[in-house]
Amino acid sequence: MDYSYLPHTEIEVSKICLGTMTWGKQNTEAEGHEQMDHAFDKGVNFFDTAELYPIPAESERYAETERIIGNWFKKTGNRDKVVLATKIAGKAEFTKHIRTTGFTRDAIIGAVEGSLERLQTDYLDLYQLHWPDRNTNYFGKRGYEHSATDYWEDNIHQVLETLRDLVREGKIRHIGLSNETPWGVMRYLEESKVHASLPRMITIQNPYSLLNRLFEVGNAEVAHREKIGLLAYSPLAFGVLSGKYLGNRKPDNARLTLFPNYARYSNEVATSATQKYYELAQEHNLSLAQMALAFVNSRPFLTSTIIGATSMKQLEENIASSAITLQETVLERIEKIHDKIPNPAP
């Protein structure tokens with residue numbers, strides 16, 4: 001397993017991060033514990049979760065994933081050996097069971113206290129804002145469209161002040177963003193530059209895969225110049241880049257079979273691109289999943305790739321991708337496909 005540092009810290013994290021959002025819905029607690037045992041044994045020391053999980057978000061299962069992880073920490077005593085990241089859910093129609101406010105001081109403090117209790121720990125290594133407090137393009141929306149009726153009171157300074165106080169109390173070590181735009185990233189970074197007492201965002205957790213390389217359009221330059229690391233989520237595009245849905249297949253218990261509304265990566269153009277990537281992987285004796293993950297792992301702006309699995313077989317294959325280095329000929333072919341079908345999924 002390769003490791004890198006969380007930017008601006010001395011914290012080493014594995015290049016593969018264990019995603020957890022199926023635990024408590026598609027996966028039982030026992031299966032979640034089995035996945036953590038295996039990943040940890042393979043050198044994965046970075047776990048990512050959120051108060052929103054499991055997905056799809058439901059009031060009766062609220063934060064069940066964090067509870068599952070907390071029970072594993074209690075059982076194994078491995079908390080100090082794992083770099084733990086979680087997130088606060090923003091205001092949205094599907095999070096009314098969590099809160100109806102945005103990132104107010106009370107909301108952030110309450111969310112952190114709740115996560116600490118469920119995770120059975122007294123500190124969080126990385127605390128992330130799951131999506132922006134303002135209306136912008138995220139969760140499958142490709143471009144920004146401004147509405148004359150949209151009103152957002154800039155609260156970025158206040159958010160950072162609250163996070164600073166939690167850092168000072170020792171409840172959070174570092175902070176990060178998720179599903180954020182280049183404007184949002186720079187706005188947070190500039191605020192902490194102007195006000196030296198405020199903490200600095202060190203990571204951004206955004207979608208990135210062979211089917212969605214929109215991070216490269218603006219955020220990649222920000223990542224390089226500002227030293228903010230990408231935590232790439234959906235590197236297999238909801239499992240589409242495993243190839244299991246090709247030929248209109250609907251495998252039992254697969255995410256898109258169970259939740260067909262998660263169609264972000266399943267449009268006709270994305271399916272065509274997936275077929276081309278599948279054929280390229282076959283030519284080089286690779287599975288599509290391993291080629292797709294190895295591509296993401298190779299990006300210079302990447303800090304860690306967040307993988308998720310509902311079976312041990314998937315987990316083993318995904319973790320094994322960390323040992324694969326793609327040949328230049330494969331990378332060149334990937335670029336040719338991308339040039340013809342750029343970013344087919346938002």
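General observations
- Cross-link partners of residue 340 among aspartates and glutamates (Cα-Cα below 18 Å; sequence separation of 8 or more within a chain): 216, 268, 279, 332
- Rolling a 1.4 Å probe over the protein chains gives residue 23 an accessible area of about 0 Å².
- Highest mean first, the peptides 98-109, 221-232 sorted by other C-beta atoms within 10 Å per residue fall in the order 221-232, 98-109.
- The chain, relative contact order in percent, only Cα pairs under 8 angstrom and at least six apart counted: 18
- Over the chain, accessible surface divided per residue gives 44 Å², non-protein components excluded, 1.4 Å probe.
- Using a cut-off of 22 Å between Cα atoms, the listed pairs 276/336; 15/74; 91/141; 74/96 include 15/74; 74/96 as exceeding that distance.
- Dipole of segment 94-232 [Lys/Arg +1, Asp/Glu -1 at C-beta], most positive-end residue of 186, 155, 196: 186
- For the chain, share of DSSP beta bridges that run antiparallel, in % to the nearest 5: 10
- Surface composition of the chain: carbon plus sulfur atoms hold 48% of the accessible area, using a 1.4 angstrom probe and ignoring ligands, DNA and RNA.
The values are calculated or read from the model by the stated rules, or taken from the named source; none is laboratory data. Please read these numbers as outputs of a predicted model, since none were measured by experiment. All Cβ positions, even for glycine, are placed from backbone atoms using ideal geometry, and neighbour counts span all protein chains on display. For accessibility, only protein heavy atoms count, side chains too; no ligands or nucleic acids. Shrake-Rupley method; radii C 1.70, N 1.55, O 1.52, S 1.80 Å.
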